[in-house]
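Structure record follows, encoded as structure tokens.
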Amino acid sequence: MDRLYAPWRFEYVTEEKIEGCVFCHIHKNVDKDEKLGVLFRDKNCYVVMNKYPYSPGHMMIIPNFHTDKIEDLDEQTWIDMSIRVRQATKMLKEVLNAQGVNIGMNLSKAAGAGIAEHVHYHVLPRWLGDTNFISSIGNTRVYPVDFDKIFLNLKEEASKYFV
């Protein structure tokens, strides 16, 4: 029998689970920004690292207002989120040397949203050759760097990009 060990996942499986909307929980717990992976906050939205990233450095831009419909967001929130997406893109290119960036939203379960009840942007860094056989054949993602190391690196640089 083959075994694949992932000791970094132990904290996830043993930590207290969040009740209700995880994004609202993050919004309300400003004092836990480092634990929750928050890089930046403003009056309308915040930027947070994705704890279960498609690729290392995967960020999300999330409105403070709970809704599953972008048409419910006021104009200023939509503008602020768009500005944060642009700033996050620049940060990923300059700090992580991303060769490309995927940006998008999945609106509803039918569209592939993992958390459908609260709209959010995804901003993912990409590199040539970052998809390989293990993802395609083994249905397994390989991350070349630890989540906390990337978070601390991006958090240290965040004030230069999110203004």
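Throughout, read-outs are computed from the coordinates displayed, never taken from laboratory work. No experiment lies behind these values; they were computed from the predicted model shown. Here the Cβ positions follow ideal geometry from the backbone for every residue, glycine too, while neighbour counts run over all protein chains shown.
Data overview
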read-out	value
Three semi-axes of the equivalent ellipsoid, segment 64-113, Cα gyration tensor, whole Å, largest first	24, 16, 7
Rg and Dmax [Cα atoms of segment 16-135; Å; Rg one decimal, Dmax integer]	14.4, 43
Separation in nanometres of the label points that stand 7 Å from Cα toward Cβ, at residue 72 and residue 128	4.4
Within segment 20-36, backbone nitrogen closer than 15 Å to the virtual label 7 Å beyond the Cα of residue 148 toward Cβ	34-36
Links that overshoot a 31 Å alpha carbon limit, given the list 69/149; 17/93; 109/160; 35/69; 17/90	69/149; 17/93; 109/160; 17/90
